[in-house]
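Engineer: Here's a structure for you.
The values are calculated or read from the model by the stated rules, or taken from the named source; none is laboratory data. It should be emphasised that the depicted structure is a prediction, and the values quoted were computed from it without experimental measurement. As a convention, Cβ positions derive from the backbone with ideal geometry for all residues, glycine included, and neighbour counts pool all protein chains shown. Heavy atoms of the whole protein, side chains included, go into the accessibility calculation; ligands, DNA and RNA do not. Shrake-Rupley method; radii C 1.70, N 1.55, O 1.52, S 1.80 Å.
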Amino acid sequence: MENIENNYIKRIQKYESLLKRQRETINFISALRMITFISAIVFSIVSYYRFHNYYLLILSIVIFTSGFLLLAKKQDKLIKNKGVVEKICQINEKSVIRMKGDWKGFKDDGNEFIDEEHSYSKDLDLFGKASLFQYLNETTTYMGRKELKNSLENCKFSIDQIYERQEAIKEMAHNIAWRQRLQSEGLCINNNEDVKKLIIWGKEKCSLYNKKSLKFFTLLLPTITLITIIMYFTKYISFYYPLFMLFLQAVILKIKNDERNNALDMVYHYKKIIGGYANMLKLIGEKNFQSKYLKEIKEKIMNNEENKALKGIRALSNISGFTSDRKNLFYILSNILLLWDYRCMIMLENWKKQYSYELEKWLCAIGRTEEISSLSIMCYENPQWTMPKFNKNSFSIKGKKVGHPLLDSEKVCNDFTIGEDHKILLITGSNMSGKSTFLRTVGINILLAQIGSVVCATEFCCSKMDIYTCMRIDDNLERNISSFYGEILRIKKLMKGVKSGKPILFLLDEIFKGTNSLDRHTGAEILINKLSNENVLGLVSTHDLELGDLENKNSKVKNYHFKEYYKNNKIYFDYKLKPGVSTTRNALYLMKMAGIDM
C-alpha cells in the first residue's frame, strides 16, 4: 500500500517538474512573440522611411506575421498540454488523499442518485456521503457517471461477462499512465451535462437541407453573384447587377433564419466539448487492448483500422469551426456573398445523416471505458484484495477474511460460508457489536463481485444472485408510513422477487423492530421458515435471542453472534463472527456510560 502511495507521489513530482518547464517555455515564447511584434514594427518603419523599399516592407510583414502566428500556435498547444498535465497532478493528489482514507471529502458523492425505493441502494451506501460511489468514482463525463451508477444499481452481468470485466479491470489497473491521461482529457471538458442535449440535438433532422435542389441552388446563386461582381470590376456590367444579387441573397438568408441560427449556434456551443471527446476517442482508438471486454468497446468506435468515431467527431468539430464568430463583420459579409449559413446547414445535415445515430454509441464507449477505469483504481490500490470466483452449479457464498471495502485499514475481517450446509445465518449480538456492518459487508462485496470488481477478501467465491435488503427503515411523514409498515413494504418487495424463482441474497437487519416483542418474534420466525424453503440465501440480525431456537427446528438456519468484552471498566468489541447465539447484553452498560443513572 505504501509503495502505491509512493508511486502517486513520484508521479506528482514528475508532472510538477514538467509543469515548471512548460511554464518557462510558455513565458519564453510569450517574450519571443513580443520581440517578433516589436521587430516587425521597427523593420517596417526602417524599410519604408529609410530605404523606401515597398517590396522589402511587404516581405518583412509576411515573414514577421508568419513567425508570430507560428509562435502563437506553438504557445496555444503548450497551454493545452499544460492544462492536461495540471489535471494529471490533480488526479494523483486525489489518489493520495484516497489512499490516506480521507476520500469522504470528495465533492462528487452521487447524492442525486439516492433511491429510497431501490432494493438495496440506500442500505448498502451506494450513493451519498461516505458512499461506495464517492469512493469509486473517477469518471469525468456524464456517460461515465451514468455507466458506473447503472452498474452499481443493476448488476445484471452474466458470469461470463463478469469474468471478461475482471480481465478488463486488471488490464486497466496496470495502465496507470494511460488511464490518467484519459481521465485528464475528460477533466478538460466543460459542461458534460450538455451531452444529453447533444445526443438529442444530433438526432433532430431538417429534411429541407438534404434536398438536392437546395444544394444546387445554394451553389448556383453565389456563383452567379461572384461572376457579376467580377464582370462589374472588369466594366462589363452595371453596379446594379451584383447589388441586386447580393440583395437577393440577403433576403434568402432571412428565410428560416432563426431556425438556422439556433442549429448552428448549438454546434459552436458544443465545440469545446466535442474537441474533448475527440481526444478521448483518439486515446481509446490508439490503445492496443488485450482483454476481450475492452476490445469490444474499442470496436464500437472503429471501422476496420480507421477510428470512425474520431473521424466523425472531428468532422463535427470542423463544422463548428466554420460557424464560429458568426456575429463579426467578416462572417456577415461572407455569409451574404456565399450563402454560408446554408452551406453550413447542408454540411451539418450531411453529418447527421452519416453519424448522428452512432454518436450516442461512441459516447457510451467513452462512458464504459471510464467505468472500467474507475473500478480498476480500486484493484490497483488494493493488491491484497481478490478477484472473486463464481459457482455455476451451486448456490452459495464462501469468503475468507472478508471486510468492508469502505472501512479503513483497521477494519476487522471475518470468514463465513452460506449455502453449503445452511441457507440462512441468524446473527445475534449486543448493541454496537458489528451485526449491521457485517450484513453490509456481505452485501457490498457480493455487489462488487457481480460488477467484475475486486472484493475486500483474501478468497471469495459466490453465485450470481439478486440482492434485497431491509435495514434502514424510518418513519416517512410525507407518505404517512411508519417504520414498521415501511419494513412490511420492503419484505413484500423481497417476496415478490422470491416468486420469480431467481437466486436471491436477502439482508434483514433487526427484523420487525417496529412492533411489539411477541409479534416481532412470531413474524420473524414465520418469515425465516418460509424463506428457507425458497431459492435464497440470507442473513438476519436480531436482538431477539429466542429466535436462536430456530436452528434446532430448521436445519437450514445457523446461529452466529458478535460479542463484546470488558476491561478496566470499559467496553470493547472485537467484531469477530462466532458460532452460536449471543450470551451477552450491554444495553444497561451503554446507558450508564452515556450518563444515565439506573
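Engineer: So, R0 is 35 Å and r is the distance between the beta-carbons of Leu545 and Glu459; what FRET efficiency does that work out to, to 0.05? Write down the numbers at each step before the final one.
Structural biologist: On the way: r = 32 Å, r/R0 = 0.90.
For Leu545 and Glu459, the calculated efficiency is 0.65.
Engineer: Something else about it: For the chain, which whole-number percentage of the solvent-accessible area (1.4 Å probe, protein heavy atoms only) is attributable to carbon and sulfur atoms? Write down the numbers at each step before the final one.
Structural biologist: Values: 17460 of 30980 Å².
It is 56 percent, rounded to a whole number.
Engineer: Quick one: if the Förster radius is 35 Å, what FRET efficiency do Asn81 and Ile38 give, using the C-beta to C-beta distance and rounding to 0.05? Working shown, then result.
Structural biologist: Values: r = 27 Å, r/R0 = 0.78.
Efficiency, rounded to the nearest 0.05: 0.80.
Engineer: Something else about it: Enter the Cα centre distance for the pair region 436-467 and region 188-241, rounded to the nearest angstrom.
Structural biologist: One Cα centre to the other: 58 Å.
Engineer: Need one number: nm distance between label points at Glu259 and Lys311, each 7 Å from Cα along Cα→Cβ, rounded to one decimal.
Structural biologist: With each label placed 7 Å out from Cα toward Cβ, I get 3.1 nm.
Engineer: Could you give the angle, 0 to 90 degrees to the nearest 10, between helix 176-187's Cα long axis and the longest principal axis of the Cα atoms of the chain?
Structural biologist: The angle comes out near 70 degrees.
Engineer: Accessible area, 1.4 Å probe, largest first: how do Leu57, Leu407, Leu425 sort? Mind showing how you got there, number by number?
Structural biologist: Values: Leu57 35, Leu407 80, Leu425 0 Å².
The residues order as Leu407, Leu57, Leu425, largest area first.
Engineer: So with the 1.4 Å probe, I'd like the accessible area per residue for region 507-577, rounded to whole Å².
Structural biologist: Details: 3590 Å² over 71 residues.
Accessible area per residue: 51 Å².
Engineer: Dipole size in debye (nearest 20) for region 121-236 around its Cα centre, Lys and Arg Cβ +1, Asp and Glu Cβ -1? Walk me through the numbers on the way to the answer.
Structural biologist: Details: 18 positive and 13 negative charges, 169 e Å.
So the dipole magnitude of region 121-236 works out to roughly 820 debye.
Engineer: Mind scanning Lys464/Lys493; Lys122/Lys558; Lys197/Lys282; Lys156/Lys576; Lys400/Lys563; Lys401/Lys464 and naming the pairs with a C-alpha gap bigger than 30 Å?
Structural biologist: Working: Lys464/Lys493 19 Å; Lys122/Lys558 27 Å; Lys197/Lys282 23 Å; Lys156/Lys576 32 Å; Lys400/Lys563 20 Å; Lys401/Lys464 21 Å.
Where the Cα-Cα span goes over 30 Å, the pairs concerned are Lys156/Lys576.
Engineer: Among the listed pairs Lys146/Lys203; Lys149/Lys492; Lys94/Lys578; Lys146/Lys435; Lys10/Lys398, which are separated by more than 29 Å between their Cα atoms?
Structural biologist: Values: Lys146/Lys203 20 Å; Lys149/Lys492 25 Å; Lys94/Lys578 38 Å; Lys146/Lys435 32 Å; Lys10/Lys398 39 Å.
Those over the limit are Lys94/Lys578; Lys146/Lys435; Lys10/Lys398.
Engineer: What ranking do 489-495, 375-381, 201-207 get when scored by the average of other Cβ atoms within 10 Å per residue, highest first?
Structural biologist: Details: 489-495: 17.0, 375-381: 21.7, 201-207: 13.4.
Ranked from most to least packed, the peptides come out as 375-381, 489-495, 201-207.
Engineer: Right, another one. Heavy-atom accessible area per residue, region 1-158, 1.4 Å probe: how many Å²?
Structural biologist: Working: 9180 Å² over 158 residues.
On a per-residue basis, 58 Å².
Engineer: Provide the three semi-axes, in whole Å and in decreasing order, of the ellipsoid equivalent to the chain as defined by the square roots of 5 times the Cα gyration tensor eigenvalues.
Structural biologist: Details: eigenvalues 847, 174, 85 Å².
With the √(5λ) rule applied to the chain, the semi-axes are 65, 29, 21 Å.
Engineer: A further question on this structure: Using the heavy atoms of the protein chains alone and a 1.4 angstrom probe, what is the accessible area of region 396-503 per residue in square angstrom?
Structural biologist: Numbers: 4540 Å² over 108 residues.
Dividing the accessible area of region 396-503 by its residue count gives 42 Å².
Engineer: Roughly how big is the chain's charge dipole about its Cα centre, with Cβ charges of +1 (Lys, Arg) and -1 (Asp, Glu), in debye to the nearest 20? Could you put the intermediate results ahead of the total?
Structural biologist: Working: 89 positive and 66 negative charges, 440 e Å.
Charge dipole, the chain, about its Cα centre: 2120 debye, nearest 20.
Engineer: Met495 to Asn328: extension gain in nm, 0.36 nm per residue of separation minus the Cα-Cα distance? It would help to have the intermediate numbers written out before the result.
Structural biologist: Working: separation 167, 0.36 × 167 = 60.12 nm, distance 6.64 nm.
So the chain would gain 53.5 nm between Met495 and Asn328.
Engineer: Now, a different point. Mind checking the full-extension length gain between Asn150 and Phe28? Use 0.36 nm per residue of separation minus the Cα-Cα distance, one decimal, nm.
Structural biologist: On the way: separation 122, 0.36 × 122 = 43.92 nm, distance 4.81 nm.
Length difference between fully extended and current span is 39.1 nm.
Engineer: If you take the beta carbon distance between Ala72 and Tyr232 as r and set R0 to 30 Å, what does 1/(1 + (r/R0)^6) give as a FRET efficiency, to the nearest 0.05? Write down the numbers at each step before the final one.
Structural biologist: Working: r = 37 Å, r/R0 = 1.25.
Once rounded, the FRET efficiency stands at 0.20.
Engineer: Shifting gears a bit: Using a 10 Å cut-off on Cβ atoms, rank the peptides 13-24, 302-313 from the highest mean neighbour count down.
Structural biologist: Values: 13-24: 13.8, 302-313: 16.8.
Peptide ranking by packing, descending: 302-313, 13-24.
Engineer: Of Phe390, Leu348, Ile446, which is farthest on the positive side of the dipole of the chain, counting Cα position, with +1 on Lys and Arg Cβ, -1 on Asp and Glu Cβ, and the Cα centre as origin?
Structural biologist: The residue sitting farthest along the positive end of the dipole is Leu348.
Engineer: How big is the dipole moment of region 99-148 about its Cα centre under a simple scheme where the beta carbon of each Lys and Arg is +1, that of each Asp and Glu is -1, and everything else is neutral? Debye, nearest 20, please.
Structural biologist: Values: 7 positive and 11 negative charges, 54 e Å.
The dipole magnitude comes to about 260 debye.
Engineer: Calculate the length of the line joining the C-alpha centroid of region 71-122 to that of region 371-415, in whole Å.
Structural biologist: With region 71-122 and region 371-415 each reduced to a Cα centre, they are spaced 24 Å.
Engineer: Pairing the Cα long axis of helix 257-269 with the longest principal axis of the chain, what angle in degrees results, from 0 to 90 and rounded to the nearest 10?
Structural biologist: 60 degrees
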